[in-house]
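**Student:** This is the structure I have questions about; it appears just below.
Only the coordinates and a few stated rules stand behind these numbers; no lab work does. All figures in this text were calculated on a predicted structure; none of them were measured in a lab. No Cβ is skipped: glycine too gets one built from the backbone with ideal geometry, and neighbour counts run over all protein chains shown.
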Amino acid sequence: MPDQKNPPNAANTNPVAQNAPYDAEDLRVIGKSRRRVDARAKVTGQTRYADDISLPRMLYCKLLRSPHPHARITKIDASRALAHPGVHLVLTGKDVPIEYGILPVSQDEQALCVDHVRHVGDPVAAVIAREELTAFEALDLIDVEYEILTTISDPEEALATPSPRIHNYGEEGNVHKRVSLAFGNVEESFAEADEVFEDIFFYQGNTHLPIEQHASVAIKDPDGKLTIWTSTQTPHYLHRALAKVLQMPPAHIRVIATPNGGGFGGKSDPFNHEIVVAKAALLLDRPVKICLTREEVFYCHRGRHPVLMKFKTGVKKDGSITGMHLQTLIDGGAYGSYGVASTFYTGALQTVTYHVPRYHFQGCRTFTNKPPCGPKRGHGTVQPRFGQEVQLDKIAEKLAIDPADLRLRIAESSNAVTANFFRLSVVNLSECIRRVVKSSGWKDNFRKLPEGRGFGIACSAYLTGAGLPIYWNKMPHSGVQLKFDRGGGVTIFCGATEIGQGSDDVLAGIVAEVLGLDTFDIRLYTGDTDLGPVDLGSYSSRVTIMAGNAALQAADRAKAILADAVSEKLNIPKDRLKFANKRVFDSTAPENGVSFPEAVCLAEARFGTIGTVGSYTPPKSPALYKGGGVGPSPTYSYSASVVEVAVNPATGWITVPKIWIAHDIGRALNPALVRGQVEGSVYMGLGEALMEEQEFRRLPKKLSHALVHKFPSILEYKSPTSLDMPEIFTELVEEPDPRGPFGAKEVGQGPLLPIMPAVANAVYDAVGVRIDEVPITPEKIMKALAEKKAGRNPRFGPTHFPQVDWPEALQVPPPWEGGDGNAINDAPRPKSPRLHTRSEVLSS
Amino acid sequence: MSTLPIESQKSAHLRLTLNGEEVDVSFAPYKTLLEVLREDLNHTGTKHGCELGECGACAVLVDSKPVLSCLVLALECANKKILTVEGLGSDGQLHPLQDAFADLGAAQCGYCTPAILVTAKALLDQTPNPTRDQIREALSGNLCRCTGYLQIFEAVEAAVLKIAEQRQAAA
């Protein structure tokens, strides 16, 4: 969450930064499917993940975790553990008491709980020993006394149980955050509508399940500073948290993000285990490692928030939306994490996909005694996307409009400004819809298949990078340095973090394209706070556009320097020079030129040591109201998907044989990797649609009756295997976006979003029952089929939305009602220029 | 000696063939093959995701058969032939499976890749021309959270062709 008092978009007058056009015919690296730069390391087992690091004299750390979901710690005695042979150190909460957290507004975590545990798995002590097993055994020797507190197990309980409080901050009781944003008068819009639809949906929580368990190794450097290698997606934010908790100057801390063995958002928070091993390494002056067990990874969580949603949508007979009122009730788990941002995200992107002229969003996040929820792929936008797309299917049926046609009628268009003041760039949602309609044979299949088989469609939009940093500041979001050596070597230094998504290859591809090199000519040092300029992290699909644009700028600057020297040498004008095939030459007489290493030497002789930098700051957003910091992005990706399902009416068993997906990518920098991101998103969406859930249960009364994770293991937390994968037909819609490097937009998250609602809509097409809840399991289908048979509402899903004391809405008139991006009932905020109305934009 | 916990005692010793090379190793006797490979033989190419036999990330070949090294005691492996990802290539060249995985986007984060590569090798050694369904079946114990598996299937199929070409060229 950015600082709301001083929005960085205050001076909202800058023109939108756009990259110079380029000749697509001329591209040699970009747009070609290539072996990624880090592929060889990965297929030979040489990629060094955090747990692969082993150092001389290294000790091992294990954490003692709370067995209770909610309790006061009344006493901790570690003396028996300390006396255990092989144990070097035991840490408890008082050793690292300073609170931290990813967002400035929720600094609510302690590396080891001092006096209050908030979920099963909250760490209370750490043992550091010579062997991992010794540390593990010594955990049993730490004596902790707890005073059990009432457990808050879900948001309804949280609303009804203000005391005991899980945290002593937030709105009140166990309500963490409540927001209400009104863009125009929705009640009026419902009065103008021909039909008003009201639906309640529930989206169950689920988790990232990266195959790599979180691991960290910390050392006290020979000069007394701290270095930590860790599986993090956000080394910069961990750097900040370590400096705060350890009370050390940031300059004395080096965070190295090792390549992540999968992240998906689950390694984006600063974690207690990272702080603990850092503290232990400093105290012991020996390397200290921790690697979480799989069970502990489930307790780290930060996964998908369970969200109850109520959509009220007014439509005209032609399908156009007159207004929408969305309420979300969010189960936050035990800590803030990204939750305030997640809360806003549940209401942010409804307007970015379809034109919603009036919109009222109310969101409420509560604390509960479960592992904290946070950002998982699609962060906060996935749950309401499900609700909106399923409701659209219901609307289409009632209005007797084909659901694909309905979406085409209401899809947002390029350069629009939405009701909530998000400025769109290139929008190709309609083209995505047309592509999947065609490739899937939609018109011949939808509502035309025999009982038990069905087609469903859904769409989505997603950010290409969060428009605002987590800590408000005026500095760039990403920086790149390039170093050139006399052998022609180019080295990229950047804070961007490789989590498997291919961020290293994005950087290498862009630099290689500009300088006429091969990606394998380039070396990369990334994810290291000592070596590279800051990149904020691998979250919000921001790396390609932000680090990519920074790399583009640095490479363009280097190219200009080299061109100066070469044009002087060849005595031809600079604009005739071409950089290609590892040479710099006269484009009108290609034989007249120099090799790339010669070009570097010429430039070094002429100008001295060659190095350039590039940086990227997103364009300013017109959303100036409080809360408008969550949702703006330089540009948005769009996806449309058609899913085919087969449902056995006797068992409810669902299979998905085929999925068609079209993704509005702008420009695919490396199409093989882009396809992999699309298919990986579809896969993960399918897991969420059909089986993945982070479920909890009460232990029997005769035990502690504690609320525990139902199945913290990979065996029981079902995820799709190779046998479950459907055929996927991926199409990329490529209209370069001038805001992206070579026109590229995001691909890592957006294509996940349409899958769950498309499955639900296809199930309805197959057997005529609505499953208004994710995951869509055979049990739920059987229950809905029983309702159908009994002549009742053929539906499974939530039926009521609890009473929430919503705050007075911030009234922000939409652009077409004279709004300037500010709330009219809030303290005055900086003025913004008048924005074009939608009709002006469309007619221009 | 008496105060040294058992986990610090390297009291078990054995000889095995690791990637074609005979090695002796001493280790704490309770250790799994996975732990001995990673911690005592410094072969960290083999990964772990659960240590309970659920994720498949630790698969290695023991006498040419894929096994989950987290479920095998190292002591059971005396005189066995172990193949890990480090032993897949030969003569400085990548195995065709490695090349295909690298070229076709079959490795994203790469964490499940070593185990999938050796499992695929075991399949191709037994079944040089597998169908897509046989590939699916063979890899169904190896979870991958990144790729959605399709590029993995395609890479195995590409390697099949490459291996056949190599065989033909050699014949």
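**Student:** Neighbouring Cβ atoms within 10 Å as the yardstick, rank A:Tyr237, A:Tyr471, B:Tyr111 fewest first.
**Tutor:** So the residues, fewest neighbours to most, are A:Tyr471, A:Tyr237, B:Tyr111.
**Student:** Using the Cβ atoms and a cut-off under 12 Å, what net charge is assigned to the surroundings of A:Val288, where Lys and Arg are +1 and Asp and Glu are -1?
**Tutor:** Here the count lands on +4.
**Student:** I would also like to ask the following. From the backbone phi of region A:96-113, what are the Karplus-calculated ³J(HN,Hα) couplings (6.51 cos²θ - 1.76 cosθ + 1.60, θ = phi - 60°) in whole Hz, Gly and Pro given as x?
**Tutor:** Those phi angles translate into 9, x, 6, 7, 8, x, 5, 9, x, 7, 9, 8, 10, 10, 10, 4, 10, 4 Hz.
**Student:** Sort A:217-229, A:691-703 by the packing proxy (mean of other Cβ within 10 Å over each peptide's residues), most packed first.
**Tutor:** Order by mean packing, descending: A:217-229, A:691-703.
**Student:** Note down, for chain B, the three equivalent ellipsoid semi-axes (square root of 5 times each alpha carbon gyration tensor eigenvalue), biggest first, whole angstrom.
**Tutor:** 31, 18, 13
**Student:** Considering every residue in A:691-704, what mean count of other chain Cβ atoms within 10 Å of its Cβ is obtained?
**Tutor:** Mean partner-chain Cβ count within 10 Å for A:691-704: 0.
**Student:** In terms of Cα to Cα distance under 19 Å, which lysines are near enough to A:Lys32, apart from those fewer than 8 places away along the same chain?
**Tutor:** In chain and number order, the partners are A:Lys582, A:Lys745.
**Student:** Averaged across the residues of B:90-103, what count of C-beta atoms belonging to other chains lies within 10 Å of each residue's C-beta?
**Tutor:** Neighbouring Cβ atoms belonging to other protein chains average 3 per residue here.
**Student:** How are the alpha carbon pair distances in chain A distributed across 10 Å bins from zero to the largest one, expressed in percent?
**Tutor:** 3, 13, 22, 25, 20, 12, 5, 1, 0
**Student:** Right, something else. Across peptide A:287-294, how many C-beta atoms of other chains are within 10 Å of each residue C-beta, on average?
**Tutor:** Across the residues of A:287-294, the mean count of other-chain Cβ atoms within 10 Å is 2.
**Student:** Which of the lysines could be linked to A:Lys438 by a straight reach, that is with a Cα gap under 19 Å, when you skip same-chain ones fewer than 8 residues away?
**Tutor:** Counting by Cα, and skipping residues close in sequence, A:Lys438 has these lysines nearby: A:Lys448, A:Lys658.
**Student:** Once amide H atoms are placed 1.01 Å from N in the peptide plane, what residues at a sequence separation of 5 or more from A:Thr617, or on another chain, have their amide H within under 5 Å of its amide H?
**Tutor:** Placed amide hydrogens put A:His477 under 5 Å from A:Thr617.
**Student:** Something else about it: Binned at 5 Å from 0, what are the whole-percent values of the Cα-Cα distance distribution for region A:101-152, short to long?
**Tutor:** Per 5 Å bin, starting at zero, the Cα-Cα P(r) for region A:101-152 comes out as 4, 15, 20, 21, 17, 12, 7, 3 percent.
**Student:** Still on this structure: What do you get for GluC sites (Glu not before Pro) in region A:765-809 restricted to DSSP loop and a cutoff of at most 12 other Cβ within 10 Å of the site's Cβ?
**Tutor:** A:Glu808
**Student:** Now a separate question. Counting only residues 5 or more places away or on other chains, whose amide H sits under 5 Å from the amide H of A:Ala580 once H atoms are built in the peptide plane?
**Tutor:** Residues meeting the amide H criterion: A:Phe585.
**Student:** Can I ask one more? Please say if region B:6-87 is rounded, prolate or oblate, where rounded means a/c under 1.5 for a ≥ b ≥ c the square roots of the C-alpha gyration tensor eigenvalues, and otherwise the choice is prolate for a/b larger than b/c and oblate otherwise?
**Tutor:** oblate
**Student:** Which whole-Hz ³J(HN,Hα) couplings does region A:520-530 yield from phi under the Karplus relation 6.51 cos²θ - 1.76 cosθ + 1.60, θ = phi - 60°, glycine and proline marked x?
**Tutor:** 7, 7, 10, 9, 10, 10, 10, x, 10, 5, 7
**Student:** Hey, another quick one. Send over the Kirkwood Rh of region B:96-170, from the inverse of the averaged 1/r over different Cα pairs, rounded to one decimal Å.
**Tutor:** 12.2 Å
**Student:** If you don't mind, another one. Per residue of region A:180-197, in order, report the coupling 6.51 cos²θ - 1.76 cosθ + 1.60 (Karplus, θ = phi - 60°) as ³J(HN,Hα) in whole Hz, putting x for Gly and Pro.
**Tutor:** Calculated HN-Hα couplings, in order: 8, 10, 10, 10, x, 8, 6, 4, 4, 5, 6, 5, 7, 6, 7, 9, 10, 10 Hz.
**Student:** Hey, another quick one. Expressed as a whole number of Å, what is the distance separating the alpha-carbon centroids of region A:420-465 and region B:28-60?
**Tutor:** 44 Å
**Student:** If you take the Cα Rg of region A:243-292 and divide it by 2.2 N^0.38 Å, with N the number of residues, what do you get?
**Tutor:** 1.23
**Student:** Restricting the count to DSSP beta bridges whose residues both fall in the protein assembly as shown, what percent are antiparallel, rounded to a multiple of 5?
**Tutor:** Approximately 75 percent, going by the DSSP bridge assignments.
**Student:** Provide the packing ranking of B:74-80, A:624-630, A:383-389, A:396-402, i.e. peptides ordered by the mean count of other C-beta atoms within 10 Å per residue, highest first.
**Tutor:** A:383-389, A:624-630, B:74-80, A:396-402
**Student:** Compute the Kirkwood hydrodynamic radius of region A:476-616, taking the inverse of the mean of 1/r over all pairs of distinct Cα atoms, and give it in Å to one decimal.
**Tutor:** Here the Kirkwood hydrodynamic radius works out to 15.0 Å.
**Student:** When A:Cys113, B:Cys55 are ordered from fewest to most other Cβ atoms inside 10 Å of their Cβ, what list results?
**Tutor:** By the 10 Å Cβ count, ascending: A:Cys113, B:Cys55.
**Student:** Kyte-Doolittle cut-off -1.0, length cut-off 27 Å along the helix's own axis using Cα: show which whole DSSP H helices in chain A pass.
**Tutor:** A:543-570, A:671-690
**Student:** Taking the Cα centre as origin and putting +1 on Lys and Arg beta-carbons and -1 on Asp and Glu beta-carbons, what dipole magnitude results for chain B, to the nearest 20 debye?
**Tutor:** In total the dipole reaches around 160 debye.
**Student:** Is there a pair in A:Lys177/A:Lys626; A:Lys267/B:Lys31; A:Lys370/A:Lys783; B:Lys10/B:Lys31 whose C-alpha atoms are over 22 Å apart, and which pairs would that be?
**Tutor:** Distance filter (> 22 Å) returns A:Lys267/B:Lys31; A:Lys370/A:Lys783.
**Student:** Here is a follow-up. Which whole-number value in Å³ per residue fits the convex hull of the alpha carbons of region A:234-347?
**Tutor:** 163 Å³
**Student:** Run down the aspartates and glutamates and flag those whose C-alpha is under 15 Å from the C-alpha of B:Lys162, throwing out any fewer than 8 positions away in its chain.
**Tutor:** Once the sequence-local aspartates and glutamates are set aside, what remains near B:Lys162 is B:Asp99, B:Asp103, B:Asp125, B:Glu154.
**Student:** What ratio of Cα Rg to 2.2 N^0.38 Å holds for region A:84-207?
**Tutor:** Normalised Rg, Cα atoms only: 1.62.
**Student:** In what sequence do A:His705, A:His68 fall when counting other Cβ within 10 Å, fewest first?
**Tutor:** By the 10 Å Cβ count, ascending: A:His705, A:His68.
**Student:** Within 10 Å, count the other beta carbons around each residue, average over each peptide in A:658-669, A:512-523, and list them highest first.
**Tutor:** The peptides rank, most packed first, as A:658-669, A:512-523.
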